[in-house]
Amino acid sequence: MRATFAFLATALLVSNLVATPLPSKKSMQPATPYEAIGEGPRFYIDYTNFQGVENLTYTEFYIQISYSDLQFIKYRKRFRSGYDIELSIVDKNNKVVETYTNRDIFDVKTFDETKSTQKARLSMVAFTFEPGVYSIKVQVTDHETQKTSDIDQVFTATNFKENTLHLSDIQFSQKIELCNDDRPFVKNSRYVEPCPVRKFANGSADIYVYFEIYNLTYRPEKLNYNYTAYFSIFSKNAEKTTEFQQVNKIPGTTVAHSIRLNVDQFLGGEYDLTVRILDEATGQVVETTKGFTVLSSPIASLNLHDTFQRD
């Protein structure tokens, strides 16, 4: 079982506080989300690794398809579209270890919506794996055109087995808010709405970031134990790194942590976010990096539906 979670929700503006460089265990996530190829709907996949039960890795996959990439037909007084998703996970021995299929049919009110690049469909499916390297194969078929697009990519299920300080992948999100219900995208008393394209627009919603920290040193009798979270943002188009940091009390061995970044503080371009965690009781340090993009014009917002599976 996972350790009991404590929850931190913090709103931050990008600042110029400088974090002290530290040696650390490092992990690098894919620079960009996976993008489909083919004549069918263009879609994107991103994923996030978390610590699972019994030394397994719990991996969430997020699939996003914009309305403008789907074919609609007139249906009564509305417009209807549909598509099928077929997903499989293959291990290094070419053995299929997980599968998922789904048919999504939905309606919109106006013709303008059918051409919208501002709305999209979002699905999530999650599995637990032994740590290691796998392939994810996904095919999406448009119901009307019967055209397909595919993604066939390699991913790594992170190894969280060692009893040392660990950090999940970074999950970029369109919205994070505290909640206690059982709707899709809720974990650890937070509604965490994925952003699979990892693209954010100036003048639109802010950038939300979620991650989890594992195996912190926690002693109830030691109330002064802290961990420090260092955040470094590097623009790929400029030689400047922006850094800031937070010091937090350690409320348990496992912590869920989220921050909000003001998107209007960024110029358009590609960026890398590095999160580095220091357990001050032991001096252990761990870090991970993930890329994101800021645009100067609006991008797809999500019209969420109930395509959600967790195994």
On the formula 1/(1 + (r/R0)^6), with r taken between the Cβ atoms of Ser68 and Thr32 and R0 of 25 Å, the FRET efficiency rounded to 0.05 is 0.80
Computed ³J(HN,Hα) along the range 35-42: with the Karplus parameters 6.51/-1.76/1.60, θ = phi - 60°, integer Hz and x for glycine or proline, the list is 10, 6, 10, x, 8, x, x, 6
Between Asp150 and Gln245, the two model label points (7 Å from Cα along the beta-carbon direction) sit apart by a distance in nm of 4.9
The answer for GluC sites (Glu not before Pro) in the range 126-201 that fall in a DSSP coil and have at most 12 neighbouring Cβ atoms within 10 Å is Glu162
Between Arg219 and Val90, the FRET efficiency computed from the C-beta separation at R0 = 51 Å comes out, to the nearest 0.05, as 0.70
Taking Cα atoms only, Rg over Rh for the range 96-176 with Rh from the Kirkwood formula is 1.06
Per residue, the convex hull enclosing the alpha carbons of the range 5-303 has a volume in Å³ of 143
Amide H contacts under 5 Å for Ser116, restricted to residues at least 5 apart in sequence or on another chain and with H modeled in the peptide plane, are Ser68
Contour minus Cα-Cα span, Cys179 to Leu295, at 0.36 nm per residue, comes to 38.8 nm
Once Lys and Arg are counted +1 and Asp and Glu -1 for all other residues with Cβ under 14 Å from that of Val90, the total becomes -3
Taking placed amide H atoms and a strict 5 Å upper bound, the residues 5 or more places from Phe200 or on another chain that come that close are Thr293, Val294, Leu295
Counting only DSSP loop positions in the range 164-210, the chymotrypsin sites (Phe, Trp or Tyr not before Pro) whose Cβ has at most 16 other Cβ atoms within 10 Å are none
Straight-line reach check, Lys95, cutoff 16 Å on alpha carbons, 8 or more apart in-chain or any other chain, hits among aspartates and glutamates -> Glu130, Asp152
Inter-part gap, Cα centre of the range 105-135 to Cα centre of the range 150-213, in whole angstrom, is 15
Under 5 Å from the placed amide H of Gln174, counting only residues 5+ away or on other chains, we find Glu193, Cys195
Here FRET efficiency (C-beta to C-beta, Ser116 to Asn262, R₀ 22 Å, nearest 0.05) is 0.25
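Rule-based calculations on the coordinates, nothing more; no lab input. All figures in this text were calculated on a predicted structure; none of them were measured in a lab. We place every Cβ from the backbone using ideal geometry, glycine too, and count neighbours over all the protein chains shown.
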